[in-house]
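First comes the structure, then the notes that go with it.
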Amino acid sequence: MYFKEGQKEDMACQGAQIIELLIVRQRIDAMKIPPLTKSSGLWNKYKRDFSSHVCDLCSFRAEDCDFQSPEYQDDAEPCGGFMLLAHLTENGLIKESDLEP
């Protein structure tokens, strides 16, 4: 569960923070992002690559992240930020080096 009513509303996952930074730096144009389709194969493809730049730094990982949990379930989805970063990377709109601060 990522959202808990009344808690952490002003917080964003690390993936969302990176996307915001990429937009501010004009590395990506939010209006030109192609439509996203959910794909667990795509998420799993980038799970290890994004771990050090995204997931390990995320404030939600310890308590709220089922995707990177040691008790990982096959049907666990990553956060929306992770999904979008994987989508952008797969479509050649960003590189892994863009995830670095």
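Derivation of every value follows stated rules applied to the coordinates shown; laboratory data play no part. Quick caveat, the model's predicted, so the values are computed rather than measured. Because the Cβ atoms are built from the backbone with ideal geometry, glycine has one as well, and the counts that use them run over all protein chains shown.
What to note about this one:
- Here the peptides 81-87, 24-30, 51-57 are ranked by packing, the mean other Cβ count within 10 Å, and the order with the highest first is 81-87, 51-57, 24-30.
- Simple rule: put +1 on each Lys or Arg Cβ and -1 on each Asp or Glu Cβ in the chain, find the dipole, and look at A30, A76, I18; the Cα lying farthest toward the positive end is A30.
- Disulfide-incompatible cysteines by the Cβ rule (no partner under 4.7 Å) in the chain: C55, C58, C65
- MRE, 222 nm, helices only [DSSP H, n ≥ 4, -39500 (n - 2.57), over the chain, to nearest 500]: -11000 deg cm²/dmol
- Per-residue Karplus couplings for the stretch 77-88, computed as 6.51 cos²θ - 1.76 cosθ + 1.60 with θ equal to phi - 60°, are listed in order as 9, x, 5, x, x, 4, 4, 5, 4, 4, 4, 5 Hz, Gly and Pro entered as x.
- Judged by the mean number of other Cβ atoms found within 10 Å, the most tightly packed of the peptides 89-97, 14-22 leads the ranking 14-22, 89-97.
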